[in-house]
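This report refers to the structure that appears directly beneath it.
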Amino acid sequence: MNTTLLTALEGSKRAEAVRSAASILRDGGLVAFPTETVYGLGAASSNQAAVRKIFAAKGRPSGVPLIVHVTDIELASRYVQGVPESASVLARRFWPGPLTLVLPRTAGVSLAITGGGETVAVRAPAHDVALALIGELGEGIAAPSANRYNALPSVRAKHVLDGLGGLIDGVLDAGRCPGGLESTVLDLTTSLPRVLRRGAVTIEQLRELIDVDEAGQGSRAPLTVEGQWLSVVEPSVLAGLVPAAERVGVLVRGDAPAMSPAGATVVVRRMPAGAADYAAELYDTLHKLRDAGCTRVLVEALPGDGSWDAMRDRLFRLATSTVR
């Protein structure tokens, strides 16, 4: 399969690229498209056969649900059984934006989208190209992130092509995604709304509007975890973990640690001090370190305050997955 690159950068050809991408989706194809967080891998939500292609292309287990991307709460109402007041309140505040709401599905939503369950996840991405694509298609787009299962999320079209080139029909290239951290996932089907995944919208922001259960979300202590490719460690032990005769990437906040292990090549990347800026740079930086041939990446443990909660959660997930 040839994967078509559709350029949707600013300019006169953007609308044409969006129309071409929508045509591919209508014909049952798969198109990667940008959002404010990462690139998504989309299929027309009404086409069950196309939705199933997503799982094959990604190598994703069929029981892992997808998110239906919509333009607004009105379009979301096609896919959920009634819109509770809590959903309307949250959508008015955070949509378009990186908040995914989980609600009971309508009968027309394929079980392929929901992973066999009776709930469906919906969100409106805050990216003009994504919204234009959904509007041009005229229905929601079912999409996970546009990368192989358990691989690094893609924030550039190049990343998508590196992982999924030849496996999908098209990539709608609008440049680098600005956010870099996935959406927060909030389950509204429980008596007390429950955060299923930390993301760009913080629990503190949600609690300005509704009560939220964060059970099982872990502590705010600085995270230390050893992974296969990425490890999160305390700064004091960074140097001791760098093996000899390897090319190793190191992410630090502030000054780089002093390291001179014999035979090792260390590629140091200084990351932004603030949580939002750090999140925006993380995935792109990890892709660059991988492309530079780093066989391992060590990440300095992050601060323990609440603004870093989603970032610590994401690093834990990456460190305990196969991300190469």
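No value in this document is a laboratory result; all are computed from the given coordinates. Remember, it's a predicted structure, so these values are computed and weren't measured experimentally. We place every Cβ from the backbone using ideal geometry, glycine too, and count neighbours over all the protein chains shown.
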**Prompt:** Based on DSSP H runs of at least 4 residues, each adding -39500 (n - 2.57), what is the mean residue ellipticity at 222 nm of the chain after dividing by all its residues, to the nearest 500 deg cm²/dmol?
**Reply:** -8500 deg cm²/dmol
**Request:** Just tell me which lysines come within less than 20 Å, Cα to Cα, of residue 13; anything on the same chain fewer than 8 places away is out.
**Result:** 158
**Request:** Could you quote the convex hull projected area for segment 4-207, Cα atoms only and averaged over all directions, in nm²?
**Result:** 10.1 nm²
**Asked** Can you give the relative contact order of the chain as a percent, counting alpha carbon pairs under 8 Å and 6+ residues apart?
**Response** 20 percent
**Asked** What are the residues whose amide H is under 5 Å from the amide H of residue 249, where those residues sit 5 or more places off or on another chain and H is modelled from the backbone?
**Response** 267, 295, 296, 297, 298
**Request:** Starting from the Cα of residue 58, draw a straight line to each of the aspartates and glutamates and keep only those under 15 Å, dropping any in the same chain fewer than 8 residues away.
**Result:** 162, 169
**Request:** Show me 54-64, 105-115 ranked by packing, highest mean number of other Cβ atoms within 10 Å first.
**Result:** 105-115, 54-64
**Order of 145, 191, 20 - criterion: other Cβ atoms within 10 Å of each residue's Cβ, fewest first** = 191, 20, 145
**Request:** Arrange 85, 300 by Cβ neighbour counts within 10 Å, fewest through most, would you?
**Result:** 85, 300
**Asked** Going by how many other beta carbons lie within 10 Å of each one, how would you line up 271, 1, 311, fewest first?
**Response** 1, 271, 311
